[in-house]
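The values are calculated or read from the model by the stated rules, or taken from the named source; none is laboratory data. Remember, predicted model here, so these are calculated numbers, not experimental data. Cβ placement follows ideal geometry from the backbone for every residue including glycine, while neighbour counts extend to all protein chains displayed.
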Amino acid sequence: MNYWLVKSEGDCYSIDDFRKDKRTAWEGIRNYQARNYMMKDMRIGDLVLFYHSISEPTGVYGVAKVVSAAHPDQSQFDKKDMHFEPKATPAKPIWYCVDVAFVEKFKQPMALEAIKKDPKFQGMPLLAKGSRLSVQPVSPAHFKQIKSIGSSVSRGR
């Protein structure tokens with residue numbers, strides 16, 4: 001099993017929106033490395049940290065699960081969508097996505113500032129200077145630590 005972190009702007013698509021929808025295609029990703037993670041590395045059953053990139057606080061808000069193999073991102077074909085890709089065709093799509101299902105909203109978000117201060121998270125791609133990737137791998141240890149803290153009633157922080 002692999003572990004991932006996906007970013008969404010909280011005012012665009014929040015953990016509460018996701019909880020209500022229960023499942024969504026992780027569309028609109030327009031970075032080749034992030035696309036390649038979804039196409040080549042994400043597998044059904046992989047667990048995913050759901051991260052709000054523009055929120056107060058910025059951080060991890062819950063957990064999702066990959067529930068489909070990669071498939072063409074339909075937003076690339078919609079001329080009215082902000083993610084429209086004029087070079088893409090149904091026969092030759094450029095962008096792919098996976099479907100993810102809601103698993104859990106944390107009792108309290110795991111704030112980015114807390115992650116930065118905790119030496120247990122050293123080496124996490126999220127903390128790399130200039131890291132803006134919207135889909136990124138997470139080590140099993142980092143995933144389990146964040147989930148444990150986010151799921152607990154009392155965080156002690």
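A few points about this structure:
- Residues that are surrounded by 15 or more Cβ atoms within 10 Å (Cβ to Cβ), on the phi < 0 side of the Ramachandran plot and in contact (Cβ under 8 Å) with a residue 40 or more places away in the chain are absent from segment 116-125.
- Residue within segment 44-52 that is surrounded by 14 or more Cβ atoms within 10 Å (Cβ to Cβ), part of a loop (DSSP other than H, G, I, E, B) and modelled with pLDDT under 95 present: no
- Among the residues making up segment 1-17, those that are among the hydroxyl-bearing types (S, T, Y) and either at pLDDT 95 or above or in a loop (DSSP other than H, G, I, E, B) (or both) are Y3, Y13, S14.
Each row is one residue, and each column tells you yes or no for (1) β-branched (V, I, T); (2) more than 11 Å from the chain's Cα centre (by Cα); (3) assigned to a loop (DSSP other than H, G, I, E, B).
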| position | (1), (2), (3) |
| --- | --- |
| R19 | no, yes, no |
| I29 | yes, no, yes |
| A34 | no, no, no |
| M39 | no, yes, no |
| V63 | yes, no, no |
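- Filtered residues of segment 68-94 (kept if of a type in the set (S, T, N, Q) and part of a loop (DSSP other than H, G, I, E, B)): S68, T89
- Subset of segment 95-121 that is in a helix (DSSP H, G or I) and among the aliphatic types (A, V, I, L, M) - its residue that is farthest from S148 (Cα to Cα): L112
- First in segment 13-38 and over 17 Å from K105 (Cβ atoms), second anywhere and surrounded by 15 or more Cβ atoms within 10 Å (Cβ to Cβ) and among the basic types (K, R), Cβ under 8 Å, 6 or more apart: I29/R35
- Tallying residues that are more than 14 Å from the chain's Cα centre (by Cα) and either surrounded by 14 or more Cβ atoms within 10 Å (Cβ to Cβ) or among the acidic types (D, E) (or both) within segment 86-109 yields 8.
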